[in-house]
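The values are calculated or read from the model by the stated rules, or taken from the named source; none is laboratory data. Predicted, not measured: the structure shown is a model, and the values here were computed from it. So basically every Cβ, Gly included, is an ideal-geometry build from the backbone, and we count neighbours across all protein chains shown.
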């Protein structure tokens, strides 16, 4: 963990909490405000958190903001296709360079998530206000730190079920049980370049999910865990020609450079 | 393995073996012809192999060809950006549906490979005609079947070195040692949807790589291993709403359907 | 898959189906007979199946039987500690050499399973005759071949729940949902040496689990998938000194051989 | 990372540095002293480090020491079989409970390492004073933090080569290139229970490996990374019966308790 505060940007689509009365009532200042508070509540002076919204110029993700973000959290639902491809490309680059990315709930369909994972990220779903029980498969994992039992429950929620079309996670931390009969890989990490991604399922804007004690703890844990270490190793995302070689080569070889110039 | 023959399509960029004398001399009928022969040599009546070229309509990858391909092999080097995005999209869909994909050498920069993996797939390289020794880390793997020793050698080759910017492979089968001092993850698999991907490093068009005994064996093994099983499980790549639930839910919940209509 | 039949040995503890009336009624000829039939039903002439029982000399696992077994299936429950350590050692060796091992249900506590995985393999459980729904996370996997839907159900069964104390599986194929509120990693593979292991949860001797259509199919699929390929690569399970080196070393170095003689 | 200091125990076999003149000259106060200093040099007040030796009562690993160890480092070579099985059993338990374990060089043959991994952990080797170049495959990993380049070199060392008979690592951080022609998975992690294991190859007592700048940094990084988080989740390493169920079960079922009493 860096000794200076982790610089977090909470990105939010911010549509339903402006347009839908039920959501507005739950999140009067926007869901991003509540996610921001959850992170600050647990990490205090170890973080500085700003927010960024779809409606802002560059969706709030200017080059300057991205360059100064250690961990980005992402929530979107109905406006994924309004996110500019050029911004997605920049976020993608920053993840490969080491920025952590926490993708929440319906963010599974965000362009950036699909681009990083390479699959459709589709799933089964149902909104029936049913019970969810999240089982922890890696109780020693920093993202599960401080949970009081082998599972925690969300009394009423939307269901997401398998088959979740994702690559095999590098770590599978939570699996959900749903009252209506499904299971779901609810807490997953993947490495991409120098960056780490954490997908965390709980959500849906019509339930008070981001006020839920353990959900808040897990998001804060993830922010802490995904903050890049201060490695000085260079990341080369181009393809450098290494010449002369590091160790001697006995062969004498004539290169046709034209085959490499493209 | 299917009881009917595996339907293989060998895709080739086919530029350098038309335009460069040295390459033309090595592969007078095109590299695709030699790759095709390697597969047929080992799998005989268990396969039917066709070829497809960049220069053909739809790059030879029409809907009909793709729908009837169990395993696609891919070689490209200097013309990756001439591959139509719409075709890439169709190949991507077919992999998720179960089609195997064998990516060879400089295909690491193919659009389809980067799209499936989500990273830049960059690497270090050097063309110095040096020696490569491929060590097998999974001697029990079907893709390593029939190799006679713990490693095999390529006397003169182009070097590819780490850091190879890929997601952690689901299986790491071969790691290369290079005379000039690098190592490389040369044989890797990943699962995406119902499909399997195998990346195999050896290549470069100025060396007779695809005439090499063990290289040919590994490519044929991979074709056999990646052929989809005849599972009748449906693949749902959309996000179906599951209602009514599979098991009873006690809560009575009112859905705001407008939040889901987008 | 080998062209000659896969040689399967079905190992069974064979205690409860001799001593308990309810189990005897379900499995009058022993559970091993039913497992054997399940494999033969699906694989026919592609397999030859024998059985081996705890009560037999060497538990039926003589050197000759082990040397001629491609895949071993294992069911035990109440008599794990009666299995001789010397036999466990031999089975362990054979797995590393390439023999497949299918561990069923309460076999999670078998000595050989714990020895191969390195953990306690403990879990939560309850016998309440509840419903289990097994979700397939890898619908393209050969072990899931031929299943008709995204899940299958067992109407009445014993529950096994997380936390299942196992190393992260190399492949997680099935996750179970239980009516009473738990989830479980029910179908897992691990590689050990040249061998593959498959753990499959369904079972308990008071339910007719091994007559269940999809359970039988999965076991047969696993047998086929775990059969070793005919690789000729040598497996060196000792630590050979490689001298002279494969490639030239410039340093002149004096070895103190006494440090290596132990 | 815990806010109180990480409690580290450096375990050492301590045979060759008492009996062999060359080793004695390199490590006059024992290798454990040098490993201890390496950890303290980098982690300062964030650690308290003690040492424990084979020759001590309980090999220095009393119940009290183990209970108060967050991370244990392990070096052994010629006296693995003198380590008491009862102590190995206790260390095993502590790893499952969350204690980190750093296994160094010839510790690959330690009883505790083989017990946790389930394989023979055999490898190829050669002592020829050759060059080793360790390539970093995960430059964003905390264990690689602070390394200045994509690789680091050890000028003269013993060689360890593949096939290294280990389970697929959960993370593969370093792969070594050897002058004499081999490659090796030199930095690997595995999860077991709540504990994490890191194997780090560099070593051999006749070379000044534990004075090497980057080797020292990696060992210190590993200690920091493997320190258990302060999760309050209980670890149940027995198999508890969960009755009554968490969620209602509709079936009425009669249990034959005798089948579970063993």
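Exactly one residue out of A:62, A:48 is away from chain B (no Cβ under 14 Å), over 20 Å from residue A:221 (Cα atoms) and surrounded by fewer than 19 Cβ atoms within 10 Å (Cβ to Cβ): that is A:62. If the condition is being away from chain B (no Cβ under 14 Å), at pLDDT below 85 and touching a strand residue (DSSP E or B) at 6+ places or on another chain (Cβ under 9 Å), then the range A:219-236 contributes no residue at all.
Conditions tested, residue by residue: (1) part of a strand (DSSP E or B); (2) more than 7 Å from every other protein chain (Cβ to nearest Cβ).
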{"residue": "D:155", "(1), (2)": "yes, yes"}
{"residue": "D:163", "(1), (2)": "no, no"}
{"residue": "D:214", "(1), (2)": "no, yes"}
{"residue": "D:217", "(1), (2)": "no, yes"}
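For residues that are more than 7 Å from every other protein chain (Cβ to nearest Cβ) and assigned to a loop (DSSP other than H, G, I, E, B), scanning just the range A:237-259, find the one that is farthest from residue D:177 (Cα to Cα). Only one residue tops the list, namely A:254. Could you please let me know if residue A:34 is within 19 Å of residue A:197 (Cβ to Cβ) and under 19 Å from the mean Cα position of the chain (by Cα)? Taking the combined requirement at face value, the residue does not satisfy it.
So, in the range A:23-61, exactly how many residues are touching a strand residue (DSSP E or B) at 6+ places or on another chain (Cβ under 9 Å) and either in contact (Cβ under 8 Å) with a residue 12 or more places away in the chain or part of a loop (DSSP other than H, G, I, E, B) (or both)? Final tally of qualifying residues: 21. For the range B:199-214, the tally of residues that are touching a helix residue (DSSP H, G or I) at 6+ places or on another chain (Cβ under 6 Å) and either without any contact (Cβ under 8 Å) to a residue 40 or more places away in the chain or under 18 Å from residue B:49 (Cα atoms) (or both) stands at 1.
Only one of the listed residues (A:21, A:63, A:85) is over 27 Å from residue D:141 (Cα atoms), at pLDDT 95 or above and over 15 Å from the mean Cα position of the chain (by Cα). That residue is A:85. Considering the range A:111-153, and only residues there that are in a loop (DSSP other than H, G, I, E, B), within 21 Å of residue A:221 (Cβ to Cβ) and in contact with a strand residue (DSSP E or B) (Cβ under 8 Å, 6 or more places away or on another chain), the residue that is nearest to the other protein chains (Cβ to nearest Cβ) turns out to be A:140.
Number of residues in the range B:166-178 that are in a loop (DSSP other than H, G, I, E, B) and surrounded by 23 or more Cβ atoms within 10 Å (Cβ to Cβ): the value is 1. All of C:57, C:5 fail the test of being over 29 Å from residue D:257 (Cβ atoms), away from chain D (no Cβ under 14 Å), surrounded by fewer than 21 Cβ atoms within 10 Å (Cβ to Cβ) and out of contact with any helix residue (DSSP H, G or I) (no Cβ under 8 Å at 6 or more places or on another chain), apart from C:57. Among the criteria (1) touching a strand residue (DSSP E or B) at 6+ places or on another chain (Cβ under 7 Å); (2) in a helix (DSSP H, G or I), the one residue B:11 does not fulfil is (2).
Among the residues making up the range D:179-194, those that are assigned to a strand (DSSP E or B) and more than 7 Å from chain C (Cβ to nearest Cβ) are D:183, D:184, D:185, D:186, D:187, D:188, D:189. Could you go through the range B:92-104 and let me know if any residue there is surrounded by fewer than 18 Cβ atoms within 10 Å (Cβ to Cβ) and modelled with pLDDT of 95 or more. Looking through the range B:92-104, at least one residue is surrounded by fewer than 18 Cβ atoms within 10 Å (Cβ to Cβ) and modelled with pLDDT of 95 or more.
Total residues in the range B:195-207 satisfying the condition of being at pLDDT 95 or above and in a loop (DSSP other than H, G, I, E, B): the figure is 2. Do we find that residue D:88 is surrounded by fewer than 22 Cβ atoms within 10 Å (Cβ to Cβ), within 13 Å of chain C (Cβ to nearest Cβ) and more than 24 Å from residue D:224 (Cβ to Cβ) in this structure? Yes, satisfied.
The single condition among (1) touching a strand residue (DSSP E or B) at 6+ places or on another chain (Cβ under 8 Å); (2) in a helix (DSSP H, G or I) that residue C:90 does not satisfy is (1).
This table checks each residue for (1) over 24 Å from residue C:174 (Cβ atoms); (2) buried (at least 24 other Cβ atoms within 10 Å of the Cβ); (3) under 14 Å from the mean Cα position of the chain (by Cα).
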site	(1), (2), (3)
A:156	yes, no, no
A:189	no, no, yes
A:203	yes, no, yes
A:212	yes, no, no
